[in-house]
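Taking it in order: structure first as C-alpha cells, then the write-up.
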Amino acid sequence: MVTATTTSIISEDRTRGADILKKAKDEFPTPESTVVKKRRLSSVSSDSEVVEKSFKKQQKKSLNLSAPLLERSRSQSALVITHFDDPYDLNKEHPYPELRPYEVLIKNKVVGLNHVDWKAKKFKFAIYSFPWVNGRESSGVVVSHGTKVDDTKLPVNQRVFIVSTSYRDIRTSTFQEYTAIDSRLVWKLPGSFSFENGATIGVGLVTSGMAFHSWGYASSNDRIEKNSKTMLIWGGSSVVALYAMQFAKYFGFKVVSIASEKNAEYIKSFGCDLVVDRHLGFEKIEEIIHSEVKHIDYALDCVSRETSELSLKLIQKVNGEDDDSKSYFIPLVAKPKAEIPKNVQMEEVFIKKFHEDIKLGEEFVNFSTSLFENGNLKPVRHRTFHGGLKGIVDGLLQLEEKGASAEKYVASF
Ligand SMILES: NC(=O)c1ccc[n+]([C@@H]2O[C@H](COP(=O)([O-])OP(=O)(O)OC[C@H]3O[C@@H](n4cnc5c(N)ncnc54)[C@H](OP(=O)(O)O)[C@@H]3O)[C@@H](O)[C@H]2O)c1
C-alpha cells in the first residue's frame, strides 16, 4: 500500500487545454459533448431530466429494498459537483439511487479513478445538471435487487466489480456510497481478487474489449494463429493498454509497445513481446520496430493526438507506402490531423455500446469472466488513496498533476 502525496510534477506528454477539449468531444460525441456553462441548465438532456425527476420522486416515495441498512437510511455519502468552478462537496445527505427492474444496488468498497473524472469538471463537459456525481468504476457488494433480477445469481453480499458507461445517468456513477447498475452487466469478483484489484478493471477492460470487438475479435472463436498478426500499442504502460495487450495475446497477436523503459519488465509480464523506450525519438523507435516486425496489422494509440500521428507514421514506415493489405487503427484519445492513407482503416471506440446493447455487454461480461478464471486476464497494479470521499479528491488531483505510470489509482471508502 502506498500513501500518496500531492506533487506538482506535470507529465511532459500530458494532453492539455484545447487538445483535451477536442479529445473530450471525441470521447463524448455530439450531442453528449455539449459544453454546459450554466448552474441550472435549460438544455438538460431528457435522460438527465428523468434522473432528476427520479431523484425527487425517490425522496418522497418509500422504497421496497431488501437490505436492512437501506431501510434505515434513505441518504448516502457522495462526492458531489455543485458547479464546475466550486470545490467538490463531500455530501452526506445525497439521495441513494432508485432501482429499475433489472438493476442491482451495489455498496461501493473501492472506486477506480479515471482522467475523465477530473477533466469533465475542469474542462466543463459530460456534466449535464447539478448536483452531479462522477465515477465510472468500482468494486463492492450487492445489497438489493430490482424486481426482475434473479437474486440467486447475484445474492446479497456477492462481491462484484462494475463499470458505468452510462455517463448521463448519475445513479450509475461510483463516487457515491451506492450505485445502481444493470445486473446483466456485473462481474462477480474472483475469490482471489481484493476489492482494490476489482476497482482497477472496469474502464480499461471495457475500453480495450470494445476496441477488439470493433475489429471483430469478441470470443474464443476469433483466435488466430499465434503471432500471425502484429499489434502496435503506443502508450504500453497506460491502464487501457495493459488490458488491451492481454486481449491481444489471448487472440494470438504479436504485441509491440512504446513506453518508458522503467516499465518495460512490468509490461512484458502482461505478454507484450517487445517494449521500445518512448524516449528514444521516432527515428530510433522506427528502426527498432522495423527490425523486429514486417507488418503492423492493428494499432492502438492510448496517449495523445501527437502520438496518434506518430502511430500512423510508424504504420506507413513499417508497412511501406505501397502496401496493399489493410491495417486497422484506433486512436483512443484524439484523431490524427494528418490524412489517413487508403490502406489504413481508422475506427473509433464507443464504450457506450457496452450498456446500450445489453446482449453485447452481457456476452462481454461472460467472455471476460472466463478469461479471468483461466488466468488469461489479470488486474493491473494499483495505488490506493484512503480517507473515503476525500481520498477520491486527493487521488484525482494527483492523477491530474502527476499522472499514473503503469498503475491504476483507486480510492477506498
Ligand atoms: N475513448 C475512450 O472511450 C477512452 C476510454 C478510456 C480512456 N481513454 C483515454 O485513454 C487514455 C489512457 O487512459 P489510461 O487511464 O489508461 O491512462 P493512464 O494509465 O493514466 O496512462 C498513463 C501512461 O501514459 C504513458 N505515456 C504518457 N506519454 C506517453 C508517450 N508520449 N508515449 C508513450 N506513453 C506515454 C505514461 O507512460 P510511462 O509512465 O511509461 O512514461 C503512463 O504510464 C487517457 O487519455 C484516457 O482519457 C479513452
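The values are calculated or read from the model by the stated rules, or taken from the named source; none is laboratory data. Remember, it's a predicted structure, so these values are computed and weren't measured experimentally. Ideal geometry is used to build each Cβ from the backbone, glycine not excepted, and the neighbour counts take in all protein chains shown. Accessible surface areas use protein heavy atoms only, side chains included; no ligands, DNA or RNA. Shrake-Rupley method; radii C 1.70, N 1.55, O 1.52, S 1.80 Å.
What is the calculated FRET efficiency for Glu93 to Ser269, with r their C-beta to C-beta distance and R₀ = 41 Å, to the nearest 0.05?
For R0 = 41 Å, the calculated efficiency reads 0.35.
How much accessible area per residue does the stretch 215-346 have, in Å², with a 1.4 Å probe?
For the stretch 215-346, the solvent-accessible area averages 44 Å² per residue.
Extension gain Asp151-Ser194, at 0.36 nm per residue separation less the Cα-Cα distance, in nm?
13.2 nm
Each residue of the stretch 213-229 in order: what ³J(HN,Hα) in whole Hz does its phi give by Karplus 6.51 cos²θ - 1.76 cosθ + 1.60, θ = phi - 60°, with x for Gly and Pro?
Values per residue, Gly and Pro as x: 4, 5, 8, x, 10, 9, 8, 4, 5, 9, 5, 10, 4, 3, 6, 7, 9 Hz.
Using 0.36 nm per residue of separation minus the Cα-Cα distance, give me the extension gain between Tyr102 and Phe282 in nm, one decimal.
Gain on extension, Tyr102 to Phe282, equals 59.8 nm.
Could you sort Arg383, Arg278 by their accessible area in this structure, using a 1.4 Å probe and putting the largest first?
Arg278, Arg383
Which order do you get for Val156, Val143 if you rank them by accessible area with a 1.4 Å probe, largest at the top?
Listed by decreasing accessible area, they come as Val156, Val143.
Along the stretch 264-276, what does the Karplus equation 6.51 cos²θ - 1.76 cosθ + 1.60 (θ = phi - 60°) give for ³J(HN,Hα), rounded to whole Hz, x for Gly and Pro?
4, 5, 5, 4, 5, 5, 9, x, 4, 7, 9, 10, 10
Of the listed pairs Lys268/Lys390; Lys188/Lys390; Lys122/Lys408; Lys254/Lys317; Lys121/Lys408; Lys119/Lys353, which have alpha-carbon separations greater than 30 Å here?
Long pairs (Cα-Cα over 30 Å): Lys268/Lys390.
Carbon-plus-sulfur fraction of the accessible area of the stretch 215-346, 1.4 Å probe, in percent?
So the carbon and sulfur contribution to the accessible surface is 44 percent.
Using a 1.4 Å probe on the protein heavy atoms only, what accessible surface does Asp324 show? Give it in Å² to the nearest 10.
Its heavy atoms expose roughly 150 Å² to the probe.
Using the beta-carbon distance between Glu363 and Glu401 and R0 = 35 Å, what value does 1/(1 + (r/R0)^6) give for FRET efficiency, to the nearest 0.05?
Calculated transfer efficiency: 0.35.
Note down the accessible area of His279, probe 1.4 Å, to the nearest 10 Å².
Surface open to solvent at His279 totals about 100 Å².
Please give me, ordered by residue number, the GluC sites (Glu not before Pro) of the stretch 300-354 that lie in loop per DSSP and have at most 16 other Cβ atoms within 10 Å.
Qualifying residues, ordered by number: Glu321, Glu339, Glu347, Glu348.
By how many nm would the segment from Glu225 to Lys313 lengthen if fully extended, with 0.36 nm per residue of separation less the alpha-carbon distance?
So the chain would gain 29.0 nm between Glu225 and Lys313.
Set Lys and Arg Cβ to +1 and Asp and Glu Cβ to -1, take the dipole of the stretch 215-346 about its Cα centre, and tell me which of Phe329, Val318, Ser269 lies farthest positive.
Ser269
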